[in-house]
1. Run the numbers on segment 5-115 and let me know its relative contact order in percent, using alpha-carbon pairs under 8 Å that are six or more apart.
2. Mean separation of Cα pairs under 8 Å and 6+ residues apart, divided by the residue count of segment 40-90: what relative contact order is that in percent?
3. Enumerate the amide H contacts of Val40 below 5 Å, restricted to partners 5 or more residues apart or on another chain; note that Pro and chain-start residues carry no placed amide H.
4. Under 5 Å between amide hydrogens, which residues at least 5 positions from Ile139 or on another chain qualify, with H placed 1.01 Å from N in the peptide plane?
5. Nearest 500 deg cm²/dmol is fine: what mean residue ellipticity at 222 nm does the chain get from its DSSP H runs of n ≥ 4 alone, each adding -39,500 (n - 2.57), divided by its residue count?
6. Around Cys15, with a cut-off of 15 angstrom between Cβ atoms, what is the net charge of the other residues, counting Lys and Arg +1 and Asp and Glu -1?
7. Just to confirm, what accessible area per residue do you get for the chain at 1.4 Å probe, in whole Å²?
8. At 0.36 nm per residue, and after removing the present C-alpha to C-alpha distance, how many nm does the segment from Gln123 to Ala138 gain when stretched out fully?
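The values are calculated or read from the model by the stated rules, or taken from the named source; none is laboratory data. Note that this is a predicted model, so its numbers are computed, not measured. Cβ coordinates were reconstructed from backbone atoms using ideal geometry, including for glycine residues, and neighbour counts include every protein chain displayed. What goes into the accessible areas is simple: the full protein's heavy atoms, side chains included, and nothing from ligands, DNA or RNA. Shrake-Rupley method; radii C 1.70, N 1.55, O 1.52, S 1.80 Å.
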Amino acid sequence: MLDSHGDAAERQWSCYQAANAAFCDAVMSISPTELDTVWVQDYHLMLLPQYLRDASPSLSIGWFLHTPFVIADMYLTLPHREEILRGVLGADLCGFHIYEYAQHFTSACGQVLGIGGNTGVTQGPDGLFDHASRRSVAIDTFPIGIDPAPFER
């Protein structure tokens, strides 16, 4: 982001936060219980899992990204990279289309948030342990698509 666009970027960030907060308010307005699962979809709502976790700590939350997750080096260029990754880590399960995207996410978390310590993450067999929240987050792949046979001529 060019410095000359800093004010615009901050206004956009405020709007992104407000949109995620509005979705959180809408979900919480139906009074979900720990028996419910809230599925959060895509990059538009990367802060929502943590907002929901703050509002209802025992809520079951899943998050799925329908687009590629960029390599960690790209995440290092984002001005609010830590907040975005911490937002996603509010979920109990983070889903990606393919293994490489899941690896990009775990790598970005390690590079941006750090490894171990009081605030970093540690990778385990099923996902990440977030030391800041003292929670485990499952990371998995869920390839989705359609059967192309009916569309072939």
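1. Numbers: 150 pairs, mean separation 28.5, N = 111.
So the answer I get is 26 percent.
2. Working: 52 pairs, mean separation 27.8, N = 51.
Result for segment 40-90 is 54 percent.
3. When sequence neighbours closer than 5 places are left aside, the close amide H contacts are Gly62, Trp63, Phe64.
4. Residues meeting the amide H criterion: Cys94, Gly127, Leu128.
5. Working: 5 runs with 58 residues, N = 153.
Helix-only estimate at 222 nm: -11500 deg cm²/dmol.
6. Details: positive: Arg11; negative: Asp7, Glu10, Glu83.
Local net charge: -2.
7. Numbers: 8920 Å² over 153 residues.
Dividing the accessible area of the chain by its residue count gives 58 Å².
8. Values: separation 15, 0.36 × 15 = 5.40 nm, distance 1.01 nm.
Contour length minus Cα-Cα distance gives 4.4 nm.
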